[in-house]
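The values are calculated or read from the model by the stated rules, or taken from the named source; none is laboratory data. This structure is a prediction, so every number in the text was calculated from the model and none was measured. Every residue, glycine among them, receives a Cβ derived from its backbone with ideal geometry; neighbour counts consider all protein chains shown.
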Amino acid sequence: MSTAGPPESAPDASAIAARLREAAFVRLFAAPDGDALAALGLLARALGERDVAYQASVTRRPIADADADLTVAVGRSGGDLALAGTTALSVTASGVARALDATPDAALALAGAYAAGDDPGAHADLLDAAGLDRRAGIAAPTDDLADGLAHTTLAHAPFSGRPEAAAKALAGVEREGRTLASLLALSVLEGASDAPRASEAVERALRPYAPGGPFDTLAGYGDVLDAVARARPGVGVALALGHDRRDAALDAWREHARAAHEAVREAALERYDGYVVVRAACGSALDTVARLVRDFRSPEPIAVAIDGEAGSAAVAADRDVATLVSETAAAVGGRATGRGRRAHVDLAEDGEDGENGAGPEAFIETLRRGLRA
């Protein structure tokens, strides 16, 4: 069974609010990414303001029958109701919260939208409510520059994942915003296979909006949300609900970043027509690896990361691939989750399980045919 891609007609904020308003107990299931996590937090907080009981979790697993009045799938399929569509989930969720007469956390909504790839400037109402301003410099969740440079997953440079190397790169550099931004922008080009794509991608790590809720910048907040959603979902849910889990979230962000950057650095690219494949046993960092490879290492616009040990794959592209990946996963007996330009696939090992006994290699071959069609 595949679960990637939004339904044909996703309900709008008012329709979702109407269903939530009628429920006494709601279960929320979010996909493991920063946007879905933020949306889950916004919905849960709104329910809490209305004294509606809820249970919230982050998972890729199929949603089983739940003992609840309403089951809501956030950024994935399943349940009685799906929060989906082309708009950032967290932006839609903030609209649902307002429709429930709750006051959404604008910084959380914007951080989720940032994790989804949106420019915060596209959401002027939330930006005004959050009271954020842009400043020169780099986007990080902490004010420790070496920490931020080493662990941001908004860029990949020679010092990424290596705090000591980041500190060395900063030695003798003026601690002025534009100078720091130039340092990062130039550093990412050292190993980039497609300089224009890398130059465009690194812009998301520069001139951040600040402050960013519990973190130093909005982009840093979004980066942390995306990391904890994948690596430490329990911490992520607590953070999205407004609990003080800043330190635990930052620890998870650092660990996730180190795993992702080392995998990107060590991976050998297998280049094909229109896409590259990298193999990395990196667990929950696989989706981040695919995105970083696409943006900063791949000469092709699509990156496929394969974790053969876990029997999973992640796809990051320059266009909407969720439906294609969903169909590809289903064809080889796997299960896909994802939206837009990114998707994750759980596969069986080749020759085992799955209705077709197919795994990573069969997935790559089937995806290749789909991309060429």
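Of the residues making up the range 41-79, those that are touching a Pro at 6+ places or on another chain (Cβ under 8 Å) and exposed (fewer than 14 other Cβ atoms within 10 Å of the Cβ) number 1. Taken over the range 215-251, the criterion of being closer than 10 Å to Ala140 by Cα and buried (at least 22 other Cβ atoms within 10 Å of the Cβ) is satisfied by Phe215, Thr217, Leu218, Ala219, Gly220, Tyr221, Gly222, Asp223, Val224. Residues that are under 25 Å from the mean Cα position of the chain (by Cα) and of a type in the set (Ser, Thr, Tyr) within the range 159-189 comprise Ser160, Ser187, listed in sequence order.
Condition (residue is over 27 Å from Gly220 (Cβ atoms), among the hydroxyl-bearing types (Ser, Thr, Tyr) and in contact with a strand residue (DSSP E or B) (Cβ under 6 Å, 6 or more places away or on another chain)) applied to the range 269-279: is it met by at least one residue?
Scanning the range 269-279 turns up at least one residue that is over 27 Å from Gly220 (Cβ atoms), among the hydroxyl-bearing types (Ser, Thr, Tyr) and in contact with a strand residue (DSSP E or B) (Cβ under 6 Å, 6 or more places away or on another chain).
Whenever a residue of the range 300-329 is on the phi > 0 side of the Ramachandran plot, its partners that are in a loop (DSSP other than H, G, I, E, B) and of a type in the set (A, V, I, L, M), lying with C-beta atoms within less than 8 angstrom and at least six residues away or across chains, give the pairs Gly311/Leu347; Gly311/Ala348. Ile306 meets each of the listed conditions (1) surrounded by 17 or more Cβ atoms within 10 Å (Cβ to Cβ); (2) at pLDDT 95 or above; (3) out of contact with any Pro (no Cβ under 9 Å at 6 or more places or on another chain) apart from (3). Would you confirm whether or not the range 289-297 contains a residue that is more than 30 Å from Leu126 (Cβ to Cβ) and not hydrophobic (A, V, I, L, M, F, W, C)? Yes, the range 289-297 contains at least one residue that is more than 30 Å from Leu126 (Cβ to Cβ) and not hydrophobic (A, V, I, L, M, F, W, C).
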